[in-house]
1. Only one of Lys393, Lys351, Lys367 is at pLDDT below 95 and either in contact with a strand residue (DSSP E or B) (Cβ under 9 Å, 6 or more places away or on another chain) or of a type in the set (Lys, Arg) (or both); which?
2. Of all the residues that make up the range 382-406, how many are assigned to a loop (DSSP other than H, G, I, E, B), small (Gly, Ala, Ser) and either open to solvent by less than 30 Å² (accessible area, probe 1.4 Å) or in contact with a Lys or Arg (Cβ under 8 Å, 6 or more places away or on another chain) (or both)?
3. Being among the charged types (D, E, K, R) and open to solvent by 20 Å² or more (accessible area, probe 1.4 Å) is the filter; apply it to the range 40-59 and report the residue that is nearest to the chain's Cα centre (by Cα).
4. Of all residues in the range 493-523, count the ones that are hydrophobic (A, V, I, L, M, F, W, C) and within 21 Å of Gly472 (Cβ to Cβ).
5. Here is a check on your reading of the model: is Val284 hydrophobic (A, V, I, L, M, F, W, C), in contact with a strand residue (DSSP E or B) (Cβ under 8 Å, 6 or more places away or on another chain) and closer than 30 Å to Ala341 by Cα?
6. If you scan the range 454-480, which residues turn out to be open to solvent by 10 Å² or more (accessible area, probe 1.4 Å), among the aliphatic types (A, V, I, L, M) and within 17 Å of Lys430 (Cα to Cα)?
7. Of everything in the range 636-650, what is under 24 Å from Gln369 (Cβ atoms) and either assigned to a loop (DSSP other than H, G, I, E, B) or of a type outside the set (Asp, Glu) (or both)? Give them in sequence order.
8. Hey, Ala189 hits all of (1) part of a helix (DSSP H, G or I); (2) of a type in the set (A, V, I, L, M); (3) under 27 Å from Glu91 (Cβ atoms) but one; which does it fall short on?
Amino acid sequence: MSVVSGVLLAGLALPAVGGIGLTAKGTAEGFEDIPDDFKTPPLTQATQIFDAKGGLIAKVYERDRTVITADQMSPSMRQAQVDIEDARFYEHGAVDLKGVLRAISKNAESGTASQGASTLTQQYVKNVNVEKAGDDQAAVLEAQRKTLGRKIQELKVAIKLEEELPKDQILTNYLNITYYGNGAYGVEAASQRYFGKSNKDLTVAEAATLAGLVQNPSQYDPKLHPVAAQNRRNVVLDKMVENKHITAEQAKEAKAAPLGLNFKDPQNGCITAKAGMGFFCDYVRHVVKQDPVFGKNAADRKKFWDTGGLNIYTTLDPDKQAAAQNAVSSNVRVTDSVSAAATMVEPGTGKILAMAQTRPYGLAKDKNQTVVNLNVDAAMGGGNGFQPGSTFKPIVAAAALEAGLPPTQEYSAPNKLEYPTMKTCGGTWKNDSRPKAVVPNESSGEKGPYQLKMAMALSVNTYFVQMEQEIGLCEVKQMANKLGITTKASGKPLEEVPAMALGVEEMSPLTMANVYATFAAQGTHCAPIAVTRITTVEGKDVPAPAGQCEKAFSEDTARALNTVLNGVTENGTGKDLGLDDGRQIAGKTGTSDKKRAAWFSGYTPQLATSVWLGGPDGGVEMRNIRINGDYHTEVFGADGPGPIWRDAMNGALRGTPKQRLPLADIPDPAPKPDPTGTPSGTGSPAGTPTGPQH
């Protein structure tokens, strides 16, 4: 008893006499100022993420808390908390000497240190220190250490705090910061968690239940320990009677009431997002944690996100998201060995309008859930991407057209070709392998000469390798950079190799959708954007990323590309993918090596969509495979992801005005005489493509 009493008195007396100059100089100096954080602490709150129409996508938080003002709190809540924690709160200063003596007496009687002497203000200071420690467990433990030094430090701050803030404000701050169990911080979150209502609407009995939790949230948890919680509630009610805040009759009525829980399980994070929106929600989280507009370094951005208390308004269009999600889900089953992902981007703005994939967002692998966003690069929560195959060929064409080659450019395009020597940005690429590396076309009957329109429609490999040789690999790489492709999806640098034209360097659906959005926007490339506006819960605007658009290539090049890619959907590998309303479209099929990935990327003037299909880890060869119950001998871009693209675009564009693509006049080649005397065209005549659909 002597030891316990001595520690209490030592810890309390030192700062108490500091005001009359009896402490060491260092202690007195500590009274001069207290950090503003103690007066208005930056409390961690929940952040809400909204779609483009104002619908809630998800609520995310490190700590579930909604800060409210005194007049938004139940008067019974404020009274109950004071009565059970510090009944003389409005009568004493930062130190309650009567409380100290009472604690000493009670501890002497029991032979333990079970009775504390901390005032509500001291408890508030301790909670602020814990809050400031965040998720740093070492700092949290330091803030909770029950040592003489810690006690003195808290008392110094508490004394100064009571000089600068009115009691009512200290109480309000306390009620907003305190932990009430089950992940609920502050009285508003606690009211919603346990009773499903706002704090201002609590009954006396409900307020007493919450007030009783603070001493030991786990021991008095009303969900797990209802009897203990009810007994504790009744103790609080008795205290309220003792302090004349309610009558004995009111207490009797409140005690007779059941706990009346309407418990709401904690709903946190992107896993709680509306169906199909979890991956976009996670993308927004990565945007905030990586964009310099939210902090100069990673630690500052993490703190910004963790502190929360934000309303984040995004570009996600709920109708287009539903169309994309329905398309991937109805064409590929969750249990299939392959998965599908689709991203929609608005041309001319870079706004991400939809982001969907077959396998749902979540951690339950036995339910085929994943948190890997297959639509985006690894740095933004995705994987290492997938080979885009021939959907990369239009990038080569754009580079060639910008370099001055005509849209009627013709190459011999033999059925197979040894990779030729090519110029790179820093030197020369040579085919030094033994035997020399060879590029074949898809079928034995595919051989030129071809011009660009037909070569694109049939996806002729050797044609685009010859085009690459003429303009050089550096031109292709630089055009890819202008279109937003600065690295592979993994973050590794692009390689200047001839197979670049065939799409061997892994990309994400978002990257490819953004490329095709640039084609649709007449050569204007806009960096993808997901966030349009951010406000605090008080309604103050927070700086958000600005859209960044630049001209990647000329409108002449754009018109030529539109014409060539429209030909793919009219007469080429994508000819079966027309939309229900007959509107004009353009796009390109793509299939990677060994059929491990298949793509269709296409657009109208107002919407670009890229769809990928394949094994989530890239290791499934799509031959002799069942997808959505249908058997495929082998999967190509036109018959795998193509129908998903068509379904997604049909749903997304239904009821919107039809717009035509600006096209160029690219004449078909003149017929050339056949050695046998029979006239023939250059390659296959328009409208009659040959060979499998690439």
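The values are calculated or read from the model by the stated rules, or taken from the named source; none is laboratory data. Here the structure is a predicted model, which means the values were calculated and not measured. Backbone-built Cβ (ideal geometry, glycine too); neighbour counts: all protein chains shown. When the accessible area is computed, the model is the full protein with side chains, heavy atoms only, and any ligands, DNA or RNA have been set aside. Shrake-Rupley method; radii C 1.70, N 1.55, O 1.52, S 1.80 Å.
1. Going through Lys393, Lys351, Lys367 in turn, the sole match is Lys367.
2. Final tally of qualifying residues: 3.
3. The qualifying residue nearest to the chain's Cα centre (by Cα) is Lys59.
4. The number of residues fulfilling the criteria is 8.
5. yes
6. Hit for the range 454-480 is Ile471, nothing else.
7. Result: Gly640, Pro641, Ile644, Ala648.
8. Of (1) part of a helix (DSSP H, G or I); (2) of a type in the set (A, V, I, L, M); (3) under 27 Å from Glu91 (Cβ atoms), only one is false for Ala189: (3).
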